[in-house]
Amino acid sequence: MRTLSSSHWLRKALLLALLVGVWEAYVATSHISHLLFASPWQTAHAFASGWADGSLAGPTWTTLRILLEAFGIGLGVALGFTVLSALTTLGTDLLELLTAVFNPLPGVVVLPLAMLWFGIDTSAIVFTVAFATIWPIAINLSMGFRTVSQTIVAVGRTIGLSRLRIVTDVLIPAALPHAVAGLKTAWAFGWRTMIASELVFGVAGSKGGLGNYINNARLYFLTPRIFAGLVTIALLGVMFESVFGLAERVTVVRWGMKHS
Amino acid sequence: MATATLDRPVPSALSLLRLDGVRLGYRTRDGLHVAVEDATFAVGAREKIVVIGPSGCGKSTLLRAVAGLSRPLAGTIEVDGATALRPGPDRAVVFQEFDQLLPWRTVLGNVVYPLRVNGRGRREATERAMRFLELTHLAGSADRHPHELSGGMKQRVAIARALALEPRILLMDEPFGSLDAITRQRLQAELNRIVAETGVTLLFVTHSIEEALVLGDRVVVFSPAPSHVVEVVDVRRLGGPATTEYSEMRGRLRMLLAVDREELVDANALL
């Protein structure tokens, strides 16, 4: 990634401009109703004014806050499962069973149950998103611990490391490539589940997230706002990808533990 | 039987490492697999001992037991008169695998870290690590990460890391086994120089007779599994590979390694 040249970025920028041009040309020439399809110009306008008056910033912030909270809970639960599976055979079996059953489930399917248990409330979304993030993190972490080279563990013991320091100084950094991969997948799952949940049931109270923002825009036929919401979601997605990519480059890629 | 073949039994007080009736094995699905039936020999301070034996005779298992990484089924392993069962920096190990370095630490970091773990200050540890990196000709690569190094360089980092700990005994488990022939020869010569400079006691495991002759003061020959010590051979004052003594010794070791097997006939033919 580091070695990509500026001409590569130029090509991508040109391609993007071309796509936007096709989009604009389509809207201008097809006489499609503006209630159904917004032009790039209208989208940009809705995007800019949305961020200027806070009507887009608020939902974005709400979405991120819920996502972070759910991600934190998911990470904590996943860590618990991983430690349990590292310490006991029963824990290993339990984690294998649970991930086999739950990981293939699209995260949003637990939403109806969560609504029954927590009511129409952000806790229902937090629960649903947390549920979606637990399994990819747990699978990858436990795989990471299981595949640590036995040689470096032996080295750790012979240089006089305590059991605890073998975990903190050898096992955890050695499992990092898997951990980062797990976090990345979990974040992507969580992000999708979050938006889907909001699209399904809107939100309680005055503070909705981006999914709710799009849904409301649809209700009032504010089509440019739907597009602005989509652009925001796409931009955030790209941003998170680059944050994870950067985190990988300065750690596991630099250490030769993962190839970019 | 094994004790009887010790040609130079060293009194307990003088030997740094003593193995007495050590039996080693591990549990498999089909029950207990005994790799080493009886290992009995002693290593004096500043001695270079090479353990040699056919593959599967348990020589690596033996080294791991001396390192404290596994417990003997029977017998005792004594270091300085104390039964050594827990791993510790007084018996630093260099393994065969190239992945024995911590990939997230630099070359310098890999040598500094064990020193810091064992209570040395940051500055002292760094100075010390640099000294041993110079000794192994790695000072110029101090800031590189292990994945940027060749196999031979990785093994030299592992040697520097082990030696910087100032171990009583340096344990080496076929450290050059995965290297190409030229690199292996160069590292053997380098190891001889470093061991001479530091005066460290060496316990080196290999299956190569040539390596045993290049590195060892004495060579402990193991039989196939379940193994015992066939003989302990003094190889100190041999000439170079071109001399008759050298080739005679090589033939003798070859024959000892072939004992208990049909190859004995072939080995005799070689002599």
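The values are calculated or read from the model by the stated rules, or taken from the named source; none is laboratory data. What you see is a predicted model, and the numbers here were worked out from it, not measured in a lab. Note that each Cβ is placed from the backbone with ideal geometry, even for glycine, and that neighbours are counted across all protein chains shown.
Considering region B:103-191, there are no qualifying helices (runs of 4 or more DSSP H) wholly inside with 2 or more residues that are among the β-branched types (Val, Ile, Thr), surrounded by fewer than 20 Cβ atoms within 10 Å (Cβ to Cβ) and touching a strand residue (DSSP E or B) at 6+ places or on another chain (Cβ under 8 Å).
Collect the residues in region A:163-203 that are part of a loop (DSSP other than H, G, I, E, B), modelled with pLDDT of 90 or more and over 19 Å from residue A:143 (Cα atoms), keeping them in residue-number order. None - no residue of region A:163-203 is part of a loop (DSSP other than H, G, I, E, B), modelled with pLDDT of 90 or more and over 19 Å from residue A:143 (Cα atoms), so the list stays empty.
Among the residues of region A:137-144, are any over 30 Å from residue A:232 (Cβ atoms) and within 14 Å of chain B (Cβ to nearest Cβ)? Yes, because at least one residue in region A:137-144 is over 30 Å from residue A:232 (Cβ atoms) and within 14 Å of chain B (Cβ to nearest Cβ). Taking the criterion of being surrounded by fewer than 18 Cβ atoms within 10 Å (Cβ to Cβ), in contact (Cβ under 8 Å) with a residue 24 or more places away in the chain, in a strand (DSSP E or B) and over 16 Å from the mean Cα position of the chain (by Cα), would at least one residue in region B:240-261 satisfy it? No, region B:240-261 contains no residue that is surrounded by fewer than 18 Cβ atoms within 10 Å (Cβ to Cβ), in contact (Cβ under 8 Å) with a residue 24 or more places away in the chain, in a strand (DSSP E or B) and over 16 Å from the mean Cα position of the chain (by Cα).
All conditions but one from (1) touching a strand residue (DSSP E or B) at 6+ places or on another chain (Cβ under 8 Å); (2) within 14 Å of chain A (Cβ to nearest Cβ); (3) modelled with pLDDT of 90 or more apply to residue B:39; the one that does not is (2). Of the numbered criteria (1) within 15 Å of residue B:170 (Cβ to Cβ); (2) more than 10 Å from chain A (Cβ to nearest Cβ), the one residue B:109 fails is (1).
Could we say that residue B:49 is in the same structural domain as residue B:197 (by TED's automatic domain parsing) and either under 22 Å from residue B:192 (Cβ atoms) or small (Gly, Ala, Ser) (or both) here?
Considered against the rule, which asks whether it is in the same structural domain as residue B:197 (by TED's automatic domain parsing) and either under 22 Å from residue B:192 (Cβ atoms) or small (Gly, Ala, Ser) (or both), residue B:49 comes out as yes.
Within region A:1-59, the residues that satisfy the criterion of being surrounded by 11 or more Cβ atoms within 10 Å (Cβ to Cβ), of a type in the set (A, V, I, L, M) and in a loop (DSSP other than H, G, I, E, B) are A:32, A:38, A:56.
Listed residues B:68, B:56, B:75, B:25; which is more than 14 Å from every other protein chain (Cβ to nearest Cβ), under 19 Å from residue B:171 (Cα atoms) and at pLDDT below 95? Explain how you work it out, then say what you get.
Working: B:68 fails: more than 14 Å from every other protein chain (Cβ to nearest Cβ); B:75 fails: under 19 Å from residue B:171 (Cα atoms); B:25 fails: under 19 Å from residue B:171 (Cα atoms).
Going through B:68, B:56, B:75, B:25 in turn, just one is more than 14 Å from every other protein chain (Cβ to nearest Cβ), under 19 Å from residue B:171 (Cα atoms) and at pLDDT below 95: B:56.
Taking the conditions (1) facing chain B (nearest Cβ under 10 Å); (2) surrounded by fewer than 22 Cβ atoms within 10 Å (Cβ to Cβ); (3) within 19 Å of residue A:253 (Cα to Cα) in turn, residue A:162 satisfies each one other than (3).
For region A:218-254, the set of residues classified as within 14 Å of another protein chain (Cβ to nearest Cβ) and either at pLDDT 90 or above or assigned to a helix (DSSP H, G or I) (or both) consists of A:247, A:248, A:249, A:250, A:251, A:252, A:253, listed by residue number.
If you go through region B:192-210 and keep only what is of a type in the set (S, T, N, Q) and in a helix (DSSP H, G or I), you end up with B:192, B:198.
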